[in-house]
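Everything on this sheet refers to the single structure shown next.
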Amino acid sequence: SRGSNLPKRVRDEIMIDGEKTVELDYSSYHPTMIAAMCSETLLNDPYSLPSDLVDGWDRADHKKAINALLNCSSKKAANGFLQSVNVEKPSKYIAEVLKLSPFMKTFIGTDSGVKLQKADSDIANKVMVEFIKKTGSAVLCWHDSFRVQAKHEDVLREIMEKTFREAFSTSIEIK
């Protein structure tokens, strides 16, 4: 939908019942899920790759690429994807990703993104249902983030933490 493509600066202007809102999101969502599935802990930002790895790329570009690699159906498709976005040395790029997050090795090029997306949609559903039950207020969801009236920020954070912990037996950073 068009709403899911709204830039954060536009979403920051959204009001619910005439009140200011806040947005909380799960940080490094899919890598944290993968780490938990491997009984590992995410120790650093998986998207903070060296700036000279791909000319002109920033953290957001690396995030898109890494998530795309999780959706590739094979290692060959992963390499092909990287080449299609002008990564000169796909194997070097993947090696750098694995330096930061070695547990992702068995997930890249395995079409695991679909399973992760199912897990995050299940979590989103639980967060929204629980939030509405507790507050009776609206909650808006964008992938891994939720927007609520500012007065309900602490309730939302608590529900997000609890729901993720129940699903993956670990905690996750919420920003």
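The values are calculated or read from the model by the stated rules, or taken from the named source; none is laboratory data. This is a predicted model, so every value here is computed, not measured. Cβ sites come from the backbone with ideal geometry, for glycine too, and all protein chains shown count toward neighbours. Just so you know, the surface numbers come from the protein's heavy atoms only, side chains and all, with ligands and any DNA or RNA stripped out. Shrake-Rupley method; radii C 1.70, N 1.55, O 1.52, S 1.80 Å.
Annotations
- Of the criteria (1) in contact (Cβ under 8 Å) with a residue 24 or more places away in the chain; (2) open to solvent by less than 80 Å² (accessible area, probe 1.4 Å); (3) in a helix (DSSP H, G or I); (4) among the charged types (D, E, K, R), which one Lys126 fails: (2)
- Among residues of the stretch 9-42, those that are loosely packed, with under 11 Cβ neighbours inside 10 Å and either under 19 Å from the mean Cα position of the chain (by Cα) or not hydrophobic (A, V, I, L, M, F, W, C) (or both), counted: 5
- Within the stretch 15-33, residues that are without any contact (Cβ under 8 Å) to a residue 40 or more places away in the chain reach partners that are open to solvent by less than 50 Å² (accessible area, probe 1.4 Å) with beta carbons closer than 9 Å, at six or more positions or on different chains, in the pairs Met15/Thr21; Met15/Gln149.
- Helices (runs of 4 or more DSSP H) lying entirely in the stretch 42-105 (those with 3 or more residues that are closer than 21 Å to Ile174 by Cβ): 59-71
- Any chance Ile108 is under 24 Å from Phe168 (Cβ atoms), within 18 Å of the chain's Cα centre (by Cα) and not in a helix (DSSP H, G or I): yes
- Qualifying residue in the stretch 109-120 (condition: within 18 Å of Thr21 (Cβ to Cβ), surrounded by 13 or more Cβ atoms within 10 Å (Cβ to Cβ) and modelled with pLDDT of 95 or more): no
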